[in-house]
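Peer 1: Dropping the structure in here first, questions after.
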Amino acid sequence: MLPATRWPVRVLPSTFLPRHGGSGSIHLKPPRLNAALTCACAVKLAQAFRPFRTRVAATSGLGSASEAEASYTLEGGYDLQPLSDGTGAWLAHRAQNDVPGSGPGHDWVSEVFADAEDKHGANLAAAAGFEVPRARLKHPPRILVLYGSLRPSSFSRKLAFECARLLELLGADVRTFCSSGLPVRDPALEDHPKVQELRALSGWSEGHVWVSPEMHGCVTGAFKNQIDWLPLNTGSVRPTQGRTCVVLQVNGGSQSFNVVNELRRLARWMRMPCCTNQSSVPKAWQEFDDDGRMKDSDFRDRVVDVMEEYFKFTLIMREHADFLVDRFSERKEIAQKGRLHSQAEKEARKP
């Protein structure tokens, strides 16, 4: 039964809901409801059902890093050059190790961030100062950047580095992963240093930036190989779930959206909420200078837009990452069987 509710408007009969303690009815008008009436009805219904709701405390770690995962580091990992085993070089996007957002050549990222000379009439200072109301998490968002080419001069690498610089100035803790030396997916190579590093970085992260070239209308093998090395599940839980994702692509020719569409599908499969904005850079060879920096253009402005939105999106989503992926079916399985079972275990039980 619903508690007594005073409705702010008179609405016409259509749907009947029993009124608490009486035989009367609440009549809702479904056709052509204006926005104000719809919102008023929704609020009243939510208030009416509130006594019957039971808040379920989300299990910590379902969509966020554990304390051990969040503390992952590697001696020498923050150097600009990789270690002897190919790991590290997480700050390869920087020109100076101790200067966040730094890069070679023209430092347009700092100009866009501060716009001290009022060249653009806008800047990113407000975005950098954005705070989620009543936020529990105060640390800089931890972002992992992946790109889909092995060439040092690749355009996906250049674009990924520009994204990393923007995110650093916005206030993120950014690590880029170089997939050079990462073996092709092979279960016999689970202990390879690059595999262990990639998985640890993903566990450490609160969000991913994915950048890939388009090859034959799809993502490159170099990029997909990185995703393939991330375990699909650990005890039936995808270790990437709850992390945010943003997708970008570069094209050698005209603009296409094949890759960003495919990357979104991958993110959905990995249970990662994907930022609504995205970027596709056509004729990438025209959009970067000799220092690997993006030239001033609408495409560069779009990249700035995407990173600004993604930064705020991550700050909001990480607050609720555990709760968003806390599922009824999985709680039911834990209650009945004591824990979540992997797909292999489920298959083994089938007759």
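Peer 1: For Met294, indicate whether it is touching an Asp or Glu at 6+ places or on another chain (Cβ under 7 Å) and under 23 Å from Arg94 (Cα atoms). It would help to see each step written out before you state the result.
Peer 2: Details: touching an Asp or Glu at 6+ places or on another chain (Cβ under 7 Å): yes; under 23 Å from Arg94 (Cα atoms): yes.
Here the answer is yes, as Met294 does meet what is asked.
Peer 1: From Arg157, Arg151, Arg185, Arg142, grab the single residue that is among the charged types (D, E, K, R), touching a strand residue (DSSP E or B) at 6+ places or on another chain (Cβ under 6 Å) and open to solvent by 50 Å² or more (accessible area, probe 1.4 Å). Walk me through it before giving the result.
Peer 2: Working: Arg151 fails: touching a strand residue (DSSP E or B) at 6+ places or on another chain (Cβ under 6 Å); Arg185 fails: touching a strand residue (DSSP E or B) at 6+ places or on another chain (Cβ under 6 Å); Arg142 fails: open to solvent by 50 Å² or more (accessible area, probe 1.4 Å).
So the residue among Arg157, Arg151, Arg185, Arg142 that is among the charged types (D, E, K, R), touching a strand residue (DSSP E or B) at 6+ places or on another chain (Cβ under 6 Å) and open to solvent by 50 Å² or more (accessible area, probe 1.4 Å) is Arg157.
Peer 1: Among the residues that make up region 255-267, is at least one of them among the β-branched types (Val, Ile, Thr) and free of Cβ contacts under 8 Å to residues at least 24 places away in the same chain?
Peer 2: The initial filter retains those residues of region 255-267 that are among the β-branched types (Val, Ile, Thr), namely 259-260.
When the remaining residues are screened for being free of Cβ contacts under 8 Å to residues at least 24 places away in the same chain, the result is 260.
Yes, region 255-267 contains at least one residue that is among the β-branched types (Val, Ile, Thr) and free of Cβ contacts under 8 Å to residues at least 24 places away in the same chain.
Peer 1: Just to be sure before I move on: is Val211 within 22 Å of Arg268 (Cα to Cα), part of a strand (DSSP E or B), touching a Leu at 6+ places or on another chain (Cβ under 9 Å) and in contact (Cβ under 8 Å) with a residue 40 or more places away in the chain in the structure I sent? Full working, then the answer.
Peer 2: Numbers: within 22 Å of Arg268 (Cα to Cα): yes; part of a strand (DSSP E or B): yes; touching a Leu at 6+ places or on another chain (Cβ under 9 Å): yes; in contact (Cβ under 8 Å) with a residue 40 or more places away in the chain: yes.
Taking the combined requirement at face value, the residue satisfies it.
Peer 1: Any idea which residue in region 269-284 is nearest to Ile227 (Cα to Cα), counting only those that are open to solvent by less than 40 Å² (accessible area, probe 1.4 Å) and either of a type in the set (A, V, I, L, M, F, W, C) or touching a Lys or Arg at 6+ places or on another chain (Cβ under 7 Å) (or both)? Even if it seems obvious, please write down each step before you answer.
Peer 2: At the first step, the residues of region 269-284 found to be open to solvent by less than 40 Å² (accessible area, probe 1.4 Å) are 270, 272-275, 277-282, 284.
Applying the additional criterion that residues be either of a type in the set (A, V, I, L, M, F, W, C) or touching a Lys or Arg at 6+ places or on another chain (Cβ under 7 Å) (or both) yields 270, 272, 274-275, 279, 281, 284.
Numbers: Met270: 9, Met272: 12, Cys274: 15, Cys275: 18, Ser279: 20, Val281: 22, Ala284: 24 Å.
Result: Met270.
Peer 1: Something else: If you check every pair at least six apart or on different chains, which have Cβ atoms under 9 Å apart with a residue in region 274-285 that is closer than 23 Å to Ser154 by Cβ and of a type in the set (Phe, Trp, Tyr) first and a residue that is open to solvent by 10 Å² or more (accessible area, probe 1.4 Å) and not in a loop (DSSP other than H, G, I, E, B) second?
Peer 2: Listed by first residue and then by second, the contacts come to Trp285/Phe155.
Peer 1: On to the next question. Are any residues in region 295-351 crowded, with 18+ Cβ neighbours inside 10 Å and among the small types (Gly, Ala, Ser), and if so, which ones?
Peer 2: The answer is Ala321, and nothing else.
Peer 1: Here's another thing I want to ask about it. For region 191-208, name all the residues that are touching a helix residue (DSSP H, G or I) at 6+ places or on another chain (Cβ under 8 Å) and either surrounded by fewer than 24 Cβ atoms within 10 Å (Cβ to Cβ) or free of Cβ contacts under 8 Å to residues at least 24 places away in the same chain (or both).
Peer 2: Val195, Leu198, Arg199, Ala200, Gly203, Trp204, listed by residue number.
Peer 1: Looking at (1) in contact with a His (Cβ under 7 Å, 6 or more places away or on another chain); (2) open to solvent by 40 Å² or more (accessible area, probe 1.4 Å), which one does Arg238 not meet, given that it meets all the others?
Peer 2: For Arg238, the exception is condition (1).
Peer 1: Can you confirm whether region 198-206 contains a residue that is under 23 Å from Asp291 (Cβ atoms) and out of contact with any Asp or Glu (no Cβ under 9 Å at 6 or more places or on another chain)? Give the steps one after another, and end with the answer.
Peer 2: Pass one, region 198-206, residues under 23 Å from Asp291 (Cβ atoms): none.
Scanning region 198-206, I find no residue that is under 23 Å from Asp291 (Cβ atoms) and out of contact with any Asp or Glu (no Cβ under 9 Å at 6 or more places or on another chain), so the answer is no.
The values are calculated or read from the model by the stated rules, or taken from the named source; none is laboratory data. Note that this is a predicted model, so its numbers are computed, not measured. Counting neighbours? That spans all protein chains shown, and the Cβs are built from the backbone with ideal geometry, glycine included. What goes into the accessible areas is simple: the full protein's heavy atoms, side chains included, and nothing from ligands, DNA or RNA. Shrake-Rupley method; radii C 1.70, N 1.55, O 1.52, S 1.80 Å.
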